[in-house]
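Here's the structure we're looking at; comments come further down.
The values are calculated or read from the model by the stated rules, or taken from the named source; none is laboratory data. What you see is a predicted model, and the numbers here were worked out from it, not measured in a lab. So basically every Cβ, Gly included, is an ideal-geometry build from the backbone, and we count neighbours across all protein chains shown.
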Amino acid sequence: MSHILEVKDLSLHYLTRFGQKVSAVTDVSFTMKQGEILGIAGESGCGKSTLVNGLMGLFIPPLYPTGGDVLVSGESLMNRTPQDIRKNILSQKVSMIPQGAFNALNPTRKIKDIAADVMAAHSASQGKNISKHDIYKRLKDRFDLFGMETEHILNSFPIQLTAGERQRSVIGISTLLNPKVVIADEPTSALDVTTQKVVIKMIFDLLEKNIFSTMIFITHELPLLRHVAHNIAIMYAGEFVEYGTAVQVVHDPRHPYTKALMGAMLSADSEQKNRKPTTIEGAPPSLAKKIEGCRFADRCPSARPECKKNTQNLKTVGGRLVRCDYAE
Ligand SMILES: Nc1ncnc2c1ncn2[C@@H]1O[C@H](COP(=O)(O)OP(=O)(O)O)[C@@H](O)[C@H]1O
Ligand SMILES: [Mg+2]
């Protein structure tokens, strides 16, 4: 079966004002089939959101591609202008449900106008001219599907809505054109637990109704991914350090970082009812410098002296990929 998304050795960097190169994503490769849900987890600053921009082909300075390729249904997203990507790829082929719905919505426009713009831009790029009336009808039908208070939401400005209504509006708008691949970048962070559940349910309603079927779900909550994803990739310092099925990664992690991440989450889970952000002793290394040897060595409980010298490559361990010479 052909792949809907193919990512080949993708590396991305930022160029800071001081001319410093920050290697935020290094040599990431994976493929996705239609209907697959991939979870990506890792601490803050590991390159998850940067990877998302790369997967949309959206390179806005200071972010640049260093190398590699991203193909959606066989079509490369590399070497294209942001205008081309916005017109022909975003919302239609790849769509992102962003972190922080508030910033994603233009505060001066009503939800129905923001959504109508997305549809109008799309129909214009297809050389079609849909009437305003038809656009609103399609919008209303779609928002009704979610069991939302459609009239109220569509006729409100973002500020007039609750955090949950705003996030659901963002999800509604970003999936309006039935994109082939949906990327949800920590869609529930900054929401309270009740609203988080509503948002997760909405995403699953959309999957069930076949509005979209292929999704990348990014979160730093591994336990949530266990219920949601088929496959899981763990990111550390810009690299995939483990990649396998959800069951393999969550129930039988093999990379010391995945184990630490799971341990931190489970202990936070049992000590208090609501989960706390992950805490593992120490911090990820700076991506502004070249890193010798294993990137996790400084924090790894089972590091050996040679780990700080030897570059680690992904290899198959226990049926999944692990970036650790000593994993078994
Ligand atoms: N505009 C930027 N300029 C320079 N470095 C950046 C910029 N944005 C992010 N970074 C760096 O890129 C790395 C990855 O960040 P990000 O992709 O946001 O991680 P995550 O989403 O996993 O928290 C971090 O080290 C971050 O400091
Ligand atoms: Mg992020």
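Some points to look at:
- From 54, 47, residue being of a type outside the set (A, V, I, L, M, F, W, C), within 16 Å of ligand 2 (Cβ to nearest atom) and closer than 24 Å to residue 223 by Cβ: 47
- Residue 71 within 25 Å of residue 259 (Cα to Cα), in contact (Cβ under 8 Å) with a residue 40 or more places away in the chain and more than 13 Å from ligand 1 (Cβ to nearest atom): no
- The stretch 89-123, residues that are surrounded by fewer than 19 Cβ atoms within 10 Å (Cβ to Cβ) and of a type in the set (Lys, Arg): 109, 110
- Any hit, the stretch 67-77, residues being under 22 Å from residue 177 (Cβ atoms) and part of a helix (DSSP H, G or I): no
- Applying a threshold of 8 Å to beta carbon distances and a minimum spacing of six or more residues, or different chains, the list of pairs starting in the stretch 278-291 at a residue that is under 24 Å from residue 189 (Cα atoms) and in a loop (DSSP other than H, G, I, E, B) and ending at one that is charged (D, E, K, R) and within 16 Å of ligand 2 (Cβ to nearest atom) reads 278/43; 280/43; 284/43.
- Any pair with Cβ under 7 angstrom, 6 or more apart, that starts in the stretch 45-56 at a residue that is over 15 Å from residue 69 (Cβ atoms) and charged (D, E, K, R) and ends at one that is near ligand 1 (Cβ under 7 Å from one of its atoms) and in a loop (DSSP other than H, G, I, E, B): 48/42
- Subset tally (residues that are away from ligand 1 (no atom under 16 Å from the Cβ) and of a type outside the set (A, V, I, L, M, F, W, C)) for the stretch 201-242: 12
- Which listed residue is surrounded by 14 or more Cβ atoms within 10 Å (Cβ to Cβ), farther than 24 Å from residue 12 by Cβ and at pLDDT 95 or above, from 254, 295, 275, 304: 254
- Subset of the stretch 140-198 (residues that are modelled with pLDDT of 90 or more, within 16 Å of ligand 1 (Cβ to nearest atom) and β-branched (Val, Ile, Thr)): 183
- Within the stretch 237-251, considering residues that are in contact with a Phe, Trp or Tyr (Cβ under 8 Å, 6 or more places away or on another chain) and over 21 Å from residue 227 (Cβ atoms), the one surrounded by the fewest Cβ atoms within 10 Å (Cβ to Cβ): 237
- Any hit, the stretch 40-53, residues being more than 24 Å from residue 284 (Cβ to Cβ) and at pLDDT 95 or above: no
- Residue selection: residue 60 fails the criterion of being buried (at least 18 other Cβ atoms within 10 Å of the Cβ) and either within 16 Å of ligand 2 (Cβ to nearest atom) or hydrophobic (A, V, I, L, M, F, W, C) (or both).
- Residue list for the stretch 103-119, filter: more than 16 Å from ligand 2 (Cβ to nearest atom) and either acidic (Asp, Glu) or modelled with pLDDT under 85 (or both): 113, 117
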